[in-house]
Amino acid sequence: INMYHFMDRFLQASTAGDGLYWPSFPNETLDSLVSYYLDLALLEYEFSRSFRSQIVASAIFLARLVLGLRARNGKIWSDTLQYYTGYCMTELEDCVIKLRDLQSMASEKYPNIFAKYCHSAYREVAYKAAPLREDLLNVFE
């Protein structure tokens, strides 16, 4: 099973219960940003030791943080996401930090992936700034 097997289900859980729409409508920017993170992770050996579902869940967490998406209670990681992914926020910390570090150096390390996601078809998500490492660590405290 590859990472994209988990992506659709977890993305549905990410937009479910957002209080805006029922049924939930897909967020194309969120979808593109998560795909960007997964494409980068596929090229990094370090991620080969992680569970694929954990990588997808971490990508969704980081994308929600970058896009400023929150559940009704103001949390980045909702109870719905925790239920459907099987991961609580603290279980994702290491993987989220690795994805953030990868995002911050993507233009130099993987220029082709960066260029692909700079295109308007992918909502130009590669231009989204990675959160500061200190700010990300504060989220997990």
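Ignoring aspartates and glutamates fewer than eight residues from K128 along the same chain, the ones with Cα atoms less than 18 angstrom from its Cα are E28, D31, D39, D101, E108. Distance between the pseudo-spin-label points of A121 and L42 (7 Å out from Cα toward the beta carbon): 1.4 nm.
State the percentage of accessible surface on region 15-141 attributable to carbon and sulfur atoms; use a 1.4 Å probe and exclude ligands, DNA and RNA. Kindly include the intermediate steps, with their values, before the conclusion.
Details: 3540 of 7010 Å².
Ligands and nucleic acids excluded, carbon and sulfur reach 50 percent.
Given a 1.4 Å probe, how much area per residue of the chain is accessible, in Å²? Numbers along the way, then the final one.
Details: 7920 Å² over 141 residues.
Accessible surface, normalised per residue, equals 56 Å².
Using a simple spin-label model with pseudo-atoms 7 Å out from Cα toward Cβ, I1 and D101 lie 2.8 nm apart.
The values are calculated or read from the model by the stated rules, or taken from the named source; none is laboratory data. For clarity, every value in this text was computed on a predicted model and none was experimentally measured. Reconstructed Cβ throughout: ideal geometry from the backbone, glycine too, with neighbour counts over all protein chains shown. Each accessible area value is taken on the protein alone, full model and side chains, heavy atoms only, with ligands, DNA and RNA left out. Shrake-Rupley method; radii C 1.70, N 1.55, O 1.52, S 1.80 Å.
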